[in-house]
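Data block below; observations after.
Please treat every number below as a calculation from the coordinates, not as lab data. If you're wondering where the values come from, they're calculated on a predicted model, not measured in any experiment. For neighbour counting, all protein chains shown are included, and Cβ atoms are generated from backbone atoms with ideal geometry for every residue, glycine included.
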Amino acid sequence: MKSLLFKKRKKKKNKKEIRIKKKKLDRRKTQEETTMASKSSTPPYPSAARISDSPCYPQYSASLKCLEEYQSDKSKCQEHFDIYKECKKKEREARLERNSKRSFFS
């Protein structure tokens with residue numbers, strides 16, 4: 001009788017240890033996946049890696065500050081939006097010009 005109880009307890013203990021080991025492995029996998037995902041999410045070209053790298057960042061931050069100041073009233077910040085939009089347009093044109101000069105076929 002005692003030996004049966006002992007075997008059952010031992011089996012329970014083994015199952016518990018296996019569950020704990022599986023949880024640890026799962027945690028490690030999720031940590032590895034998140035680090036891998038963060039590494040692969042950065043674009044291959046540096047100019048688009050962060051908005052703070054953009055030449056239009058001051059206009060971007062000014063428009064956000066305006067929104068904060070006027071409690072998200074977009075009509076009062078239209079001038080900031082227009083300036084930012086114009087900057088992005090110039091940035092895009094410069095990028096297209098740069099890329100056309102680096103064409104593979106010419």
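Values as computed for the structure displayed
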| quantity | calculated |
| --- | --- |
| Against the rule of thumb 2.2 N^0.38 Å, how large the Cα Rg of the stretch 46-101 comes out | 1.30 |
| Simple label model, 7 Å out from Cα along Cβ direction - Lys29 to Lys89, nm | 5.2 nm |
| Neighbourhood net charge (10 Å Cβ-Cβ; Lys/Arg +1, Asp/Glu -1) for Cys66 | -1 |
| Relative contact order (%) - the stretch 46-101, alpha-carbon pairs under 8 angstrom, separation at least six | 32 percent |
